[in-house]
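To keep things clear, I will list the structure first and then write my remarks on it.
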Amino acid sequence: MEAEDPFLTEVVSHLMNAGGKRGRPLFAVAAGACAHHDLTPATDDVIMGGVAVELVHLGSLYHDDVMDEADTRRTVQSVNARWDNLTAILAGDYLLAKASEIAASLGTEVAGLLARTIAHLCEGQVYELQSTFDPGRTEEAYLRSIGGKTAALFATASRIGALVGGLDGTQVDALTDFGRGYGMAFQIVDDVLDISATDEQLGKPAGHDLMEGVYTLPVVRCLAAGGPIAESLGEILGRVPTPEQLVMARDMVRSSGMVSGALDTASDYVEDACAALERVGPCAATERHGRPGPVAGRPRPCCGHGCQRRLNTAQAPTAGVPVRGCACRRLDS
């Protein structure tokens, strides 16, 4: 992306050049492909719809890193760390503005949809902020937050692709539900990894959510379950933990069995997403690729007993969510 000012161009391109999975624009392109029975190149409108969604995502990352005081993003320095908070905020605003400009070029319905989605992202983040360092955070509050800050943009990506691709109303709604279900599963698994993965596997410090006072699904359930583990965990939470306490808290949550239960919930959302996809009907995207595949960088199914043996294909779940009850997790390299 090029702005009129070379410095602004450098700043807004910083995370673009750092990589990323580009999952959200791919959802838009895949949804647009559902308008055809044979695979054909995506139209310019579908591609631009995907670009608009990705720019919203990038803008939100710039703002998130300021709020989190993050030093790294995608293995490089965050914008706020390399420059400063004001630069990061203004660059994030610029990305959101360019996304809105693109959406407006695709019609009033897409423009309104993207505007509402940006509002949902803000609402989801506010819901999260309201319960930071609160050991009494409820599961309902957690799900409400991730529905806004993560699932809403996946749903919108799918909906924009379907709208500009010319699908009918039933298909548009089905693909929107698919994106929302996938987005919920995506965030739950991402939150689980913060508890169960290592710094090296994540490419960033593990346990970041606990340090920031963001108590995610396995933590919320561990506390709600009561008992000795919940009591010990509760004595640590509610404030910024020391490095030693962080290790203890992550160990407690892993030993509670709630990681597996959270992944079961993610699997349920994936099943909901797949059921929505069935309502789309046969098309190039669904016939060629079938049910959703693993999310890049997420856990794959393994034996359930701590070794590296994989389950056979018939047992493998969708969207990178391990089979229910599997207590062993391994990230792909």
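Taken together, the values in this text are just the output of simple stated rules run on the coordinates, not laboratory data. All values derive from a computational prediction rather than experimental measurement. Virtual Cβ from ideal backbone geometry, glycine too; neighbours counted across all protein chains shown.
Here are a few things to note about the model shown:
- Filter result (surrounded by fewer than 18 Cβ atoms within 10 Å (Cβ to Cβ) and touching a residue at least 60 places away in the same chain (Cβ under 8 Å)) within segment 203-229: Gly203, Lys204, His208, Glu212, Ala224
- Subset tally (residues that are part of a loop (DSSP other than H, G, I, E, B) and surrounded by 20 or more Cβ atoms within 10 Å (Cβ to Cβ)) for segment 238-272: 1
- Cβ pairs under 8 Å, 6+ apart, first in segment 135-149 and under 17 Å from Tyr182 (Cβ atoms), second of a type in the set (Val, Ile, Thr): Ile146/Ile188
- Any chance Ala197 is farther than 30 Å from Gly161 by Cβ, surrounded by fewer than 23 Cβ atoms within 10 Å (Cβ to Cβ) and either touching a Lys or Arg at 6+ places or on another chain (Cβ under 8 Å) or aromatic (Phe, Trp, Tyr) (or both): yes
- Selection within segment 34-55 - buried (at least 24 other Cβ atoms within 10 Å of the Cβ) and assigned to a helix (DSSP H, G or I): Val46, Gly49, Gly50, Ala52, Val53, Leu55
- Scanning segment 12-31 for residues that are in a helix (DSSP H, G or I) and either exposed (fewer than 13 other Cβ atoms within 10 Å of the Cβ) or out of contact with any Leu (no Cβ under 8 Å at 6 or more places or on another chain) (or both) yields a total of 10.
- Cβ-Cβ under 6 Å pairs, at least 6 apart or on other chains, segment 84-113 side touching a residue at least 24 places away in the same chain (Cβ under 8 Å), far side among the aromatic types (Phe, Trp, Tyr) and part of a helix (DSSP H, G or I): Ala88/Tyr62; Ala91/Tyr62; Gly92/Tyr62
- Residue satisfying all of: in segment 128-146; among the small types (Gly, Ala, Ser) and part of a helix (DSSP H, G or I); surrounded by the fewest Cβ atoms within 10 Å (Cβ to Cβ) among these: Ala141
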